[in-house]
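Note sheet for the following structure.
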Amino acid sequence: MTETQPLLTAPSSAPAGTRLLYRCAVAAPLLSLLDYLPPKDASGDAPNRPLLLGTRVSAPLGNRLVTAVVVEVIDSSSPQQDVINPEKLRAIDSVIDTEPLLDSVHLSLLSWATRYYLHPPGEVFVLGLSPRERRGEPPAPTGKQGVKLNERGLGLPPGALSRAKKQAALLTALQERPHSIDELNSQGLSRTIVRALAAKDLIEYCTLKNTEAWSCNDPLKPTQEQRTVINAINADQAGFICHLIEGITGSGKTEVYLQCAAEIINQGRQVLILLPEIGLTPQMLTRFQARFNAPVVMLHSGLSDGERDRHWAMARDGSAAIILGTRSAVFAPVANLGMIIVDEEHDQSFHQQDGLRYSARDVAVKRAQLHNCPIVLGSATPSLESLSNVEIGKYTLHALTERAGGASIPRKAVVDVRGLSLEAGLSQPLLSAMQATLTSGKQVLLFLNRRGFAPTLLCHDCGWFAGCDHCDARLAVHRKPAELRCHHCNSKKFLPRSCPSCQSGRLVSAGLGTEQSELTLKRLFPAFPVLRVDSDSMTGRNAMDDFAQRLSTGEPCIILGTQMLTKGHHFPAVTLVGVVDADGLLFSPDFRGEERLLQLLTQVGGRAGRGKDAGSVIIQTHYPDHPLIQAVMERSYGELARNLLAERRQRALPPLGAMAMLRCDSVDFTNGLNFLTQIKNQLQLAPGVQVIGPVPAAMARRAGRYRAQLLLLSEDRRALHNAASQLAWVADKTKKRSDIKWFMDVDPVEAV
Ligand code: ADP
Ligand code: ZN
Ligand code: ZN
C-alpha cells in the first residue's frame, strides 16, 4: 500500500493491457486514496476485465478487510503516476459489486467534496452509500412485493380451486398477470389467502417494478408574480443554471417548486428537494404526494435503516420520482436527475457540523453543475452568500413580494419591557393581545429560544451557579425530569437541595425557558391548550405529526416553541406572533450574528397571518433603540441584507472574503495550542493570505476537551484554498500526541 496525493490529482484512466492499479477510497481517516493491485481470481491470476469505477471492493488495511470504493484506475507504468513502489502494494481481496453503485457524476461530486473540504476521502465516499451498502451488503430491492404463479400454478386450468372462493379469485387474478400484495389487499385478497396458495405450492413471491407512468394533478392558478417566476425557470431546463427565489413568507414559493418540478416529472426525470431538518414535516410530504401521481420518497435521519436503504435504492434506480430529504440527501444517488430544489436555503441545518463539514446548499449547486441541470434555491431571507452570487451574476434572482392566497403582510410592534412587570416573561400588552386573539378564535405563536425550565441555577446568598463539569457553560434547570442538564454536552446532574458552596437553601432558578413558560401559560389561559414545541417535547417518531394534526383543527391555542418553530411551517390559523425575548439574540460575537438575527425575526414574524386573516407580530425587548431592532421594524429583510453585504465587503469577510479553519481539540489546552503553533510555523503562505491564531474557540472547553483554532483569511478564494490545502497536509504530517484531534473547516459557519 502506498499513499498518494489524490486530493491534488485529476481523475485518470488507463488503456487495457497495461499495469492497472486501483485507487480506492478506504473507510479510514486517511487524507489520501490508497492504491491496490487487481484482485486475484480463483486460479491466482489477475482477472483480465478491469473493475468498474464506483464499485465496492473488500480490501486489506492493516490486518483487517474493509469496504472500499474504486475511484480511479491508473496505469502504474506511466511515468506521470506517483506510484512509489508497486511491488509493495497489496491486492484487492474480493469484488463486491458487478455494477457500480456510484456513477461517474457522483464520483466527481464526491472527489470534489474531498478536495474542497480537505477531508479524508474514505469518509466522504461512504456518504454516497446507504446504511446496508456501507456494511458491504447489496443494495435494497426496490419495487413492490408481489406474487405470481409458479411452474405448477401455471399448469392449472382456469376455474381450478372452485371450492375455496377467495383462493380461486386470487388464482384468476394471477392467471391474468402478477399482482402486488397491496393491489390484492385492495381487492379483498388478504395476505392469509396469499400464504395459503403459496403453501399449496402454486404461487411464488416476486418483486414488481413500478411501471405506472408519472403524472401531475392540477396546479393552483398561479398569481401574476408566481407565473413570471415559473415561466422564467421552466424556460430553460436544459443546462446548469442557479435560480434564487427571494420570496416573502407565504408568497407561494412551494407552489412554484411544485410547478417547476411538474415539468421535470412529466419528462420522466427525477427531482431532488432538500429541506431544512425540521421543515421535513408531514405537511410538505403531503403537499408533494397530493400533487404528483408518482413515487415520492423521503430521506432523513428519522427513518429506520430499512426505509433509508429502500428509498436510497429507489432514488438510484430511477423508480422514485421525487426525493425529499434533509442535508445528507444531497449525496444520494439519483439515476436521472432533472432538477434540484433547496428550500429555506439560508437555513443553518444545511451545514453538517461533524465528520465532513459541508454546506448541503453549496454541494447541491456543485452537483447541479456537474449534472448540467437547473437548481432552484428559495428563501424569504436568502443568505448573504446567495445574494452575493446574485450580485456577481452567478445566480439569477426572482422575487415574490406579495402573499399568495390573499393573505396580507403582518403588522409589527415593539414592546419596551424596561420597568414593566412581567408574568413568565410576558408583558401586559402582549398578554392582552393574546387574550384578544384567542377569544376571537385564532391561534397564538410565542417564540422563546430557550428550552428547559430556566437557563441557570443560582445561590441567592453567595452567587454560586451550577456549571457544567465538562464545558465552559452553565447547566440549565429542567423539571421533567427534574435535573440539571448541559445543552452543549448533554451531561446531567441531580438538582441540589442546598448550595454546594455555602449550604444556603436559597437556590433560585434564573431566566425563563419553555418548560416554565408552558406552566405559566396554562395557568393564565386555562381555557386554551398550550402546545410546546422544542427538542425535549418533540421526541418520538410521531410527535411532529401529532402536533400538525392538532393545529390543523384550527381551534384556538397557544403554540410555544424554540427555533424549531421558525422553519417553513404553515400555520394558517395563527394571527399573533410574540417574540418573548429578542435580547438574547442581540449581542453575538460571531460576525454572522446580525444576519442570523434578521433571518430569525423575519422568519418568526412570517408565521403570522398566513391564512386569510391579517396577522401581527409583537417583539419584546429591553433595547428598543438598538439599531437592529429599529431596522427590523422599519425596513425589509432584503434591504437590510444588502446593507450587511456591503459591510462584509468593506471588512473582506465572507462571502466577499474566503475563510478556512484548522480546528483542534485536546485533553490538555497547552498541547493543543502547541500543535497549532508548530503547524503555523511550517506554513509558507502566498501573499494575500492571512493566518490568525492559534486562538481558543469561543467556548474553549466543551465535552471535556479544549478547543483551539488557526484561521485563514483571504480575499482571493483560490489562494485561500491552496493555503488551506497546505495547512491540511502539514497537519497530517506533523507528529502529534494521540489525544489531539484536528479537522479542517472550510467556509466555517461558526467563525469564533
Ligand atoms: P411559501 O412557501 O412561500 O411560504 P406557500 O407555497 O406555502 O408559501 O404558500 C402559502 C399559502 O398560499 C399556502 O396555503 C398555499 O396553498 C397558498 N397559495 C400559494 N400559491 C397560491 C395560488 N397561486 N393561489 C392560491 N393560493 C396559493
Ligand atoms: Zn451559596
Ligand atoms: Zn457540558
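The values are calculated or read from the model by the stated rules, or taken from the named source; none is laboratory data. Owing to the predicted nature of the structure, the values given are computational and were not obtained by experimental measurement. Here Cβ is always computed from backbone atoms with ideal geometry, including for glycine, and neighbour counts include all displayed protein chains. Calculation scope for accessible area: heavy atoms of the full protein, side chains included, ligands and nucleic acids excluded. Shrake-Rupley method; radii C 1.70, N 1.55, O 1.52, S 1.80 Å.
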request  = Please give the calculated 222 nm ellipticity per residue for the chain, where each DSSP H segment of at least 4 residues contributes -39500 (n - 2.57) and the sum is spread over every residue; nearest 500 deg cm²/dmol?
outcome  = -8500 deg cm²/dmol
ask   = To the nearest 20 debye, what charge dipole does region 144-208 have about its Cα centre, counting +1 at the Cβ of each Lys and Arg and -1 at the Cβ of each Asp and Glu?
value = 220 debye
inquiry  = How are the alpha carbon pair distances in region 144-208 distributed across 5 Å bins from zero to the largest one, expressed in percent?
reply    = 4, 20, 36, 28, 11, 2
request  = Take the Cα coordinates of the chain, assign each an equal point scatterer, and use the Debye formula without solvent to give log10 I(q)/I(0) at q = 0.10, 0.11 Å⁻¹.
outcome  = -1.18, -1.36
note = Order by accessible surface, 1.4 Å probe, largest leading, for residues Thr670, Thr456 comes to Thr670, Thr456
request  = Report the Stokes-Einstein translational diffusion coefficient (µm² s⁻¹, integer) for region 588-671, Rh taken as the Kirkwood radius over Cα pairs, at 37 °C with viscosity 0.692 mPa s.
outcome  = 209 µm²/s
ask   = Among residues other than Tyr257 whose Cβ falls under 13 Å from its Cβ, what is the net charge (Lys/Arg +1, Asp/Glu -1)?
value = -2
query = From the backbone phi of region 391-401, what are the Karplus-calculated ³J(HN,Hα) couplings (6.51 cos²θ - 1.76 cosθ + 1.60, θ = phi - 60°) in whole Hz, Gly and Pro given as x?
reply = 4, 8, x, 7, 10, 9, 8, 10, 10, 10, 10
inquiry  = Largest first, please: the extent of the C-alpha atoms of region 123-233 along each principal axis, to the nearest Å.
reply    = 65, 46, 21
task = State the percent of C-alpha pairs, over all pairs in region 394-462, separated by a distance greater than 15 angstrom.
result = 75 percent
key: Part-to-part distance (alpha-carbon centres) for region 690-723 and region 622-654, which is given in Å   = 26 Å
message = Whole angstrom only: what separates the Cα centroid of region 212-270 from the Cα centroid of region 118-146?
response = 31 Å
key: region 555-611 - convex hull of the alpha-carbon atoms, volume per residue in Å³   = 79 Å³
task = Mind scanning Lys366/Lys735; Lys88/Lys736; Lys412/Lys522 and naming the pairs with a C-alpha gap bigger than 30 Å?
result = Lys366/Lys735
message = Relative contact order of region 383-483, please, whole-number percent, based on alpha carbon pairs below 8 angstrom and at least 6 residues apart.
response = 13 percent
remark   = Neighbours of Lys200 by Cβ distance under 14 Å: Lys/Arg at +1, Asp/Glu at -1, summed charge +1
Under Karplus coefficients 6.51, -1.76 and 1.60, residue-wise ³J(HN,Hα) of region 428-435 in Hz, glycine/proline x = 4, x, 5, 4, 5, 4, 4, 4
ask   = Given a cut-off of 29 Å, what percent of all Cα-Cα pairs of region 215-405 lie beyond it?
value = 14 percent
message = Could you tell me what a quarter of the Cα convex hull surface of region 658-746 works out to, in nm² with one decimal place?
response = 5.2 nm²
remark   = One finds the C-alpha centres of region 289-347 and region 470-493 to be spaced, in Å, by 36 Å
note = Relative contact order in percent for region 633-734 (Cα pairs under 8 Å, 6+ apart) equals 33 percent
request  = Nearest 5 is fine: what % of DSSP beta bridges in the chain come out antiparallel, could you say?
outcome  = 55 percent
ask   = For region 661-710, how big is the tail of P(r) above 19 Å, as a whole percent of Cα pairs?
value = 25 percent
query = When only Cα pairs under 8 Å and 6 or more residues apart are kept, what is the percent relative contact order across the chain?
reply = 10 percent
